[in-house]
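K.L.:
Structure in structure tokens, see below.
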Amino acid sequence: MTGGRFADAVAGVRLWFAPERLREEGNTPDYRFSLANERTFLAWLRTAMALVGGGFAVDQFLPDTGRALRLALALTLLAGGAVCALRAINHWIRCERAMRRGEDLPVSRFPVMLGLAVGVVALLMVIVVAVGWGG
Amino acid sequence: MTEPVRDPGLQPERTRLAWRRTTLACAVAASLAGRQTLHAGGGPLPVLALSLVVLSWLAFVAVAHHRIRHLHAPRPPLLTSRAAVAAVGCVMGAAVCGAAMLR
């Protein structure tokens, strides 16, 4: 059902820019739940910012690494940060909508995937620094 | 002075501090971008990218300040999706400028 998923994604993105449509359905949740959702959104934004900062840091602090490898690592981290930021707002709006409708909060594979990806990048960097690949 | 309605869980305060922390994280990334420009030796593209990073940081500070002012209300309103999109846009801007700065 990739078509249905795509339509859901488009509807979700349209919701980002039309917050009043969110208020049309369901009941307003306790403001404390909304604030907790907002803090989760901000925590994901900080994660995204840390990945972007990591991208800058790879480019600056691994100068002896071959250009291709260094660019690949930096671009991976920068792209990861951008994806993380987009996912943050998408998850925030989906959680807010689920709370209004009284549904279960959306579950997602994203944290696991991000954790694995960060682990792989970290391992690669340890090897690069320890072995001096591409030097 | 006691407030008429005080949330014992201090939710607005925690949210306010979360905005502050996030602003700080953006400041760290922006200073790394500044360091990057110094290393690149100051061509026109790195300088342009750095100014965009600094601008996106300033935009984030503005969004955070606006939101923190609204959090002072006894029952703070929902974060507007315009503010959320703006905050995400600042992070995306920093990521794109970072990619443009790579040597």
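The values are calculated or read from the model by the stated rules, or taken from the named source; none is laboratory data. The model shown is predicted, which means the values in this text are computed figures rather than measured ones. Note that each Cβ is placed from the backbone with ideal geometry, even for glycine, and that neighbours are counted across all protein chains shown. Accessible surface is based on the protein model in full, side chains and every heavy atom, while ligands, DNA and RNA are left aside. Shrake-Rupley method; radii C 1.70, N 1.55, O 1.52, S 1.80 Å.
K.L.:
Of the numbered conditions (1) at the interface with chain A (Cβ under 9 Å from one of its Cβ atoms); (2) open to solvent by 80 Å² or more (accessible area, probe 1.4 Å); (3) farther than 17 Å from A:Gly81 by Cβ; (4) in a helix (DSSP H, G or I), B:Arg103 satisfies every one except a single condition; which is it?
P.N.:
Single failed check for B:Arg103: (4).
K.L.:
Are any residues in the stretch B:17-52 buried (at least 19 other Cβ atoms within 10 Å of the Cβ) and of a type outside the set (S, T, N, Q), and if so, which ones?
P.N.:
Result: B:Ala18, B:Trp19, B:Ala25, B:Cys26, B:Ala29, B:Ala30, B:Leu32, B:Ala33, B:Pro46, B:Ala49, B:Leu50.
K.L.:
Same structure, new question: When you go through A:Ala98, A:Ala50, A:Ala117 one by one, which is the residue that is open to solvent by less than 20 Å² (accessible area, probe 1.4 Å) and either away from chain B (no Cβ under 14 Å) or of a type in the set (A, V, I, L, M, F, W, C) (or both)?
P.N.:
Exactly one of A:Ala98, A:Ala50, A:Ala117 is open to solvent by less than 20 Å² (accessible area, probe 1.4 Å) and either away from chain B (no Cβ under 14 Å) or of a type in the set (A, V, I, L, M, F, W, C) (or both), namely A:Ala98.
K.L.:
Of all helices (runs of 4 or more DSSP H) completely enclosed by the stretch A:1-83, which ones contain at least 3 residues that are within 18 Å of the chain's Cα centre (by Cα)?
P.N.:
Ranges flagged: A:2-16, A:31-61.
K.L.:
Within the stretch B:37-52, identify whether any single residue is within 10 Å of chain A (Cβ to nearest Cβ) and farther than 14 Å from B:Ala100 by Cβ, and answer yes or no.
P.N.:
So far as the stretch B:37-52 goes, yes, one or more of its residues are within 10 Å of chain A (Cβ to nearest Cβ) and farther than 14 Å from B:Ala100 by Cβ.
K.L.:
How about the stretch A:75-95: which of its residues are farther than 26 Å from A:Phe33 by Cα and open to solvent by 70 Å² or more (accessible area, probe 1.4 Å)?
P.N.:
A:Leu75, A:Thr76
K.L.:
Related question: Looking only at the stretch B:70-99, count every residue that is in a helix (DSSP H, G or I), open to solvent by 10 Å² or more (accessible area, probe 1.4 Å) and over 16 Å from B:Thr22 (Cα atoms) and tell me the total.
P.N.:
Total meeting the criteria: 5.
K.L.:
Test of understanding: among B:Val47, B:Val53, B:Val61, which residue is at pLDDT 85 or above, farther than 29 Å from A:Arg87 by Cβ and part of a helix (DSSP H, G or I)?
P.N.:
Answer to the selection: B:Val47.
K.L.:
Could you please find all residues in the stretch A:3-47 being more than 10 Å from chain B (Cβ to nearest Cβ), of a type in the set (D, E, K, R) and in contact (Cβ under 8 Å) with a residue 24 or more places away in the chain?
P.N.:
Passing the criteria: only A:Glu25.
K.L.:
Still on this structure, I have one more. Could you please let me know if A:Asp59 is over 23 Å from A:Ala9 (Cβ atoms) and buried (at least 23 other Cβ atoms within 10 Å of the Cβ)?
P.N.:
When the stated conditions are applied, A:Asp59 passes them.
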